[in-house]
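Please read the structure below before turning to the comments.
The values are calculated or read from the model by the stated rules, or taken from the named source; none is laboratory data. What you are looking at is a predicted structure, and each value in this text was computed from that prediction instead of being measured. Note that each Cβ is placed from the backbone with ideal geometry, even for glycine, and that neighbours are counted across all protein chains shown.
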Amino acid sequence: MSQRHRIGILTGGGDCPGLNAVIRGVVKTSLHLGYEVVGFLRGFEGLADPAEYIPLNAQNTTGILVQGGTILGSTNKGRFNATRGEDERTQLAPDLVEAVRRTFKKLELDGVICVGGDGSLTIAQRLFEAGLPIVGVPKTIDNDLSCTDFSFGFFSAVACATDALDRLHSTAASHDRTMVLEVMGRHAGWIALYAGIAGGADVILIPEIDWTLENVCAKILHRREMGKKFTIIVVAEGAKLPGGKLIKQEEGGALRQSRLGGIGNYLADSLQSHMNIEARCVVLGHLQRGGGPTTFDRALATQYGTHAVRLIEEGRFGEMVCYDAPEIKSVKISEAIKSLGRVNPNSSIVIAAKAMGLSFGDIPGYSNPFKDSKITELPASSKYNPALHQLPSFDDEEM
Ligand code: F6P
């Protein structure tokens, strides 16, 4: 057995429920295997000039499973940015990479686990390309990483947005109003889609489906004709205006990505001026990132933490853990960051939403939701079946 040294972990990008559950999963697994663990502070910033880190152990990670945020701190801007705009990747400064290399050497790191979204994993890939032993864990409330069914944190954000919709329903109904809820998600509509369905919204507007104001108005009118005087709309912050314009709070630059937001208020104002209705907007914002993780995210984050240590143990650097339900697997980070994981407009969840009468603002009325897609059969081998997997069934096991 090779001599064991030390594993490092950092949490990069925006915070997200479940980060502490991953840290705990990594620390518990590593300690069992005989590694020491260090946690770098404030994301990649803690890796170099100066290296800032703390030892992680059973004492300082106890009780963190349920806590929101990250005990290591994080940042989504700074010297390590390697992403610009929707799809543009950049390189890291060579002297920064060399400084990180010195930290790895000094701390005798066997590997560093980078927990992050698309931007942080792009940085992780750059460090891996420079020869450093890096593995990744997919984190983002936006769920916009490809090659994994879900990133942890996503369902916690959806739970928050769904709760907001439940609350908006009663006030909207009491005042015969149209309520617009703007949710996060950057250039993907996952949060809007899942929360919209779970919260019984009437209209969902997402970046992946082109919409028009006329079609949204048609839906509101149709509801009025049916005697329903209120309407609930969920709009993703990255849903572009008809014509393609993206509303931003702040343009991005070399050190950070653009800040999206503003579409919700724009939509509510437009609806008020086009129709004789009262419309209000709620921007849910960082409430979606705050608070503890849901049960699903606690379980997923824990598994991700364990599997990330396994990747280091087995020398599988440059890989990211991923969820291929119900198993945790891994994929090359380079594959995972190739393109954003966006909503497929013909996927079963969009079809179910349409079947519920939900409008995506793409057509004025209702059309057969099944018409543009085919049923996909699950290959028998992908279901758990003891006979197929040549494993003993539980009944055969010795007690
Ligand atoms: O990527 C997570 C996310 O919360 C996005 O949904 C949102 O656009 C962005 O981060 C907000 O970033 P900040 O915390 O810098 O405002």
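Observations on the model:
- Restricting the range 181-205 to residues that are within 16 Å of the ligand (Cβ to nearest atom) and in a loop (DSSP other than H, G, I, E, B), the residue that is farthest from residue 155 (Cα to Cα) is 187.
- Cβ-Cβ under 8 Å pairs, at least 6 apart or on other chains, the range 280-296 side in contact (Cβ under 8 Å) with a residue 12 or more places away in the chain and among the hydroxyl-bearing types (Ser, Thr, Tyr), far side more than 13 Å from the ligand (Cβ to nearest atom) and in a helix (DSSP H, G or I): 294/155; 294/159
- Every condition in (1) in contact with a Ser or Thr (Cβ under 6 Å, 6 or more places away or on another chain); (2) closer than 29 Å to residue 41 by Cβ; (3) of a type in the set (Val, Ile, Thr); (4) in the same structural domain as residue 259 (by TED's automatic domain parsing) holds for residue 191 except the one numbered (1).
- There is no residue in the range 98-107 that is more than 22 Å from residue 317 (Cβ to Cβ), outside any loop (DSSP other than H, G, I, E, B) and over 21 Å from the mean Cα position of the chain (by Cα).
So that you can scan it fast, the table gives a plain yes or no per residue for (1) crowded, with 20+ Cβ neighbours inside 10 Å; (2) closer than 23 Å to residue 134 by Cα; (3) within 16 Å of the ligand (Cβ to nearest atom):
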{"residue": "274", "(1), (2), (3)": "no, no, no"}
{"residue": "304", "(1), (2), (3)": "yes, yes, no"}
{"residue": "334", "(1), (2), (3)": "no, yes, no"}
{"residue": "344", "(1), (2), (3)": "no, no, no"}
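- Considering only residues in the range 24-55 that are at positive phi and under 22 Å from the mean Cα position of the chain (by Cα), the one that is surrounded by the fewest Cβ atoms within 10 Å (Cβ to Cβ) turns out to be 42.
- Residue in the range 232-270 that is nearest to the ligand (Cβ to nearest atom), counting only those that are touching a residue at least 60 places away in the same chain (Cβ under 8 Å) and in contact with a helix residue (DSSP H, G or I) (Cβ under 7 Å, 6 or more places away or on another chain): 257
- Filtered by the rule that a residue be of a type in the set (Lys, Arg) and either surrounded by fewer than 21 Cβ atoms within 10 Å (Cβ to Cβ) or farther than 15 Å from residue 76 by Cα (or both), the range 91-141 gives 101, 102, 105, 106, 126.
Table: residues versus (1) modelled with pLDDT of 95 or more; (2) assigned to a helix (DSSP H, G or I); (3) of a type in the set (D, E, K, R); (4) touching a Cys at 6+ places or on another chain (Cβ under 7 Å).
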site: 110; (1), (2), (3), (4): yes, no, yes, no
site: 124; (1), (2), (3), (4): yes, yes, no, yes
site: 143; (1), (2), (3), (4): yes, no, no, no
site: 149; (1), (2), (3), (4): yes, no, yes, no
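- Checking 21, 58 one by one, the residue that is touching a residue at least 12 places away in the same chain (Cβ under 8 Å), away from the ligand (no atom under 15 Å from the Cβ) and surrounded by fewer than 17 Cβ atoms within 10 Å (Cβ to Cβ) is 58 and no other.
- All positions within the range 157-178 that are touching a residue at least 24 places away in the same chain (Cβ under 8 Å), away from the ligand (no atom under 12 Å from the Cβ) and either within 21 Å of residue 248 (Cα to Cα) or among the hydroxyl-bearing types (Ser, Thr, Tyr) (or both): 162, 178
- Flag for residue 308 being in the same structural domain as residue 327 (by TED's automatic domain parsing), among the small types (Gly, Ala, Ser), more than 16 Å from the ligand (Cβ to nearest atom) and touching a residue at least 12 places away in the same chain (Cβ under 8 Å): yes
- Count - residues of the range 167-213 that are at positive phi and within 18 Å of the chain's Cα centre (by Cα): 2
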